[in-house]
Every structure is written in structure tokens, then in C-alpha cells.
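The values are calculated or read from the model by the stated rules, or taken from the named source; none is laboratory data. This structure is a prediction, so every number in the text was calculated from the model and none was measured. Methodologically, a virtual Cβ is constructed for each residue, glycine included, from the backbone with ideal geometry; neighbour enumeration extends over all protein chains shown.
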């Protein structure tokens, strides 16, 4: 059985990172694509073997009677309207983050999802990296004990502004910390921004379960990128280093080292989609819908992440400069297509 989907959006991120995954996820059958720009819709239909293409999503929803779900990747301003229309047509939805511009918009989508009985999964692909999945298994084992601390550090290059950095990059890591620590009860945020768009945030967290957390996120590392998560338990500790390796220090036992068994051929032919975990999240979405399960993270997760970002903005006097948010770059043909 295959999940029949329509895809709304043929922009840079969707074309580079999401469409190419379909070759590696046989559970999905791409029925139709939509983009306001005719040339992009036609291009992606051709590149990724969609049966039909449209320039109006309502026309697709009306004509494609056999769809099971819709994937959406446009922008935060447009996502709420598109998600609502798909739910109203009785379809499950995968929407790229951010799902909305504001927490209130996301809350309205959450209510509509509950009312229609249709699921909305939000694209936080980091949760599906093999190292983070392995770390989740470790901390849920009896030997790990109660989580006492979650510490995360991420650094990347500059963004147009502090707010665009929060919405485009930091939101991933906020969601990831919540994956390990749970919902956040209290937050304190500090900011350093010597140059506009070159920003660093330090967050201190208290989770509802009683554990604490600290998050250091910056866009001041030039072209480099670093990522590290440490989770402390009952006399135990697990460290995930740059997505590629795990160090586990169990209580009273020798330390352990683990890294995913990526074959060179797989990494060379999938354009990095497995390592960056886009393949994993899309496969999980398809398998969840086909089995009747509720895929996570869902729209309620997005509500909480947006609430945290808006609270960070409030505490650090960070303006929500949406006029800098929309950025779209020209795209060359991706390395991995369906043909």
C-alpha cells in the first residue's frame, strides 16, 4: 500500500531537500504538485515524476479525489491558510516548519486538526537523525534513570536578522531540546548581537518534569556549523556530537561509542538526505498515516515552539521583522531525482 500525496510548493528548500526523498521512500506515490509559478510546477512534476501539476492548490484539492495527504513547503505566512484548506478537504498534512507566523495561528490549526480528525505533522527533521533516535533509546532505558539536565549548543552562519535566525534555524533546536527534556515550564533568555543578523542567544530552561536545560545558539560561526547535545541522567551521560557520533557513559560500566553505519555509496548517492534526516522524517510520516497512527512532532508541538520563540523575543527585545523573512534563491537541478 502506498500513500498518495499532493505537494504544495516547488521552491528552493522543497526541491533540494524534500522532493528528492521520494526516490528513497517507496511508501509514497506523488500524484500532483502545485506552485503559483507555472514553470516551477511543471519543472518539479517532470523532475520527480508527478502525474499532474497545478498553479492553484484549491484546484488540485478539488480534482485529485484519491489523495491521502498533502505535503506543504512554502512559508510561514502562507502555511496556515494552506493547512486549513487541506484539513477542510479531509486530508492529512505534513507542513514544513514554521507551521505559522504566530502561536495563535498554530493553536487554531491544532483545534481544526482535532475537529477534523486529520493529523498535521510539522517538519522538524532533526528528530529523525539516526544519532538522536539512538540517544532517545538510551535515555529511555531503565539504566539511564531520570533526566536531570539537557544541554545543547548549535552554531551556524549569519541570517538577515535575529528573528529570522530564531524562526529558520533555532526553532529546530528548541524542538529538539524539548524532545529530550519535555515541555518547558520556565525560560530565561539573553542575547548578544554585535552586528545585525550576527546573533547569539543563551537560554536557561526549567522543564515541567523537573529537569533543567541550557541552550546556546548563535549565527556567528561564519560558514562553519557545529552541533552538540548532552543529556545527563542518574550518574549517566550521553553526548551527541555533530549528528555523527554518540558517546555514552553508563553508571559503573565502560563508556560506549556509537555512530551510524552509513555506507559510502549511500552517502554519495542520496545527496546527504539520509544524514540530514529528511528521508527519515518523510518515511515516518508515510508509515504513520498508512498505519493509522498520529505522526509526531505534530501541530501542538509547533504551538509550543512558537510560544518559546515569541517569549525569547519579548525578553530580549528582538523585533519580529517579517519583511526580512522571505528569502528565495535560484536553484539548480538537485543531485537526486526520481528519474
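Quick notes on this one:
- Residue 132 touching a strand residue (DSSP E or B) at 6+ places or on another chain (Cβ under 9 Å), free of Cβ contacts under 8 Å to residues at least 40 places away in the same chain and over 19 Å from residue 306 (Cα atoms): no
- Residue 185 being surrounded by fewer than 19 Cβ atoms within 10 Å (Cβ to Cβ) and in contact with a strand residue (DSSP E or B) (Cβ under 8 Å, 6 or more places away or on another chain): yes
- Among the conditions (1) crowded, with 22+ Cβ neighbours inside 10 Å; (2) outside the structural domain of residue 257 (by TED's automatic domain parsing); (3) closer than 28 Å to residue 324 by Cα, the only one that residue 87 does not satisfy is (3).
- Selection within the range 188-204 - within 13 Å of residue 152 (Cβ to Cβ) and without any contact (Cβ under 8 Å) to a residue 40 or more places away in the chain: 202, 204
- Matching option when the condition is surrounded by fewer than 18 Cβ atoms within 10 Å (Cβ to Cβ) and within 17 Å of the chain's Cα centre (by Cα), among 133, 171: 133
- Within the range 31-47, the set of residues being surrounded by fewer than 23 Cβ atoms within 10 Å (Cβ to Cβ) and touching a strand residue (DSSP E or B) at 6+ places or on another chain (Cβ under 8 Å) comprises 31, 42, 45.
- With respect to the conditions (1) in contact with a strand residue (DSSP E or B) (Cβ under 7 Å, 6 or more places away or on another chain); (2) surrounded by 17 or more Cβ atoms within 10 Å (Cβ to Cβ); (3) assigned to a loop (DSSP other than H, G, I, E, B), residue 101 falls short on a single one, namely (1).
- The residue list 65, 4 contains one member that is surrounded by fewer than 23 Cβ atoms within 10 Å (Cβ to Cβ) and either in a strand (DSSP E or B) or touching a residue at least 40 places away in the same chain (Cβ under 8 Å) (or both), which is 4.
- Condition check for residue 171: touching a residue at least 12 places away in the same chain (Cβ under 8 Å) and more than 24 Å from residue 14 (Cα to Cα): no
- Selected residue (criterion: nearest to the chain's Cα centre (by Cα)) from residues of the range 266-300 that are modelled with pLDDT under 70 and either at positive phi or crowded, with 17+ Cβ neighbours inside 10 Å (or both): 276
Let's see how each residue does on (1) in contact (Cβ under 8 Å) with a residue 60 or more places away in the chain; (2) surrounded by fewer than 18 Cβ atoms within 10 Å (Cβ to Cβ); (3) in a helix (DSSP H, G or I):
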position	(1), (2), (3)
15	yes, no, yes
26	no, yes, no
61	no, no, yes
80	no, no, yes
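- Residues located in the range 198-219, provided they are crowded, with 18+ Cβ neighbours inside 10 Å and closer than 19 Å to residue 169 by Cα: 198, 199, 200, 201, 203, 205, 213, 215, 217, 218, 219
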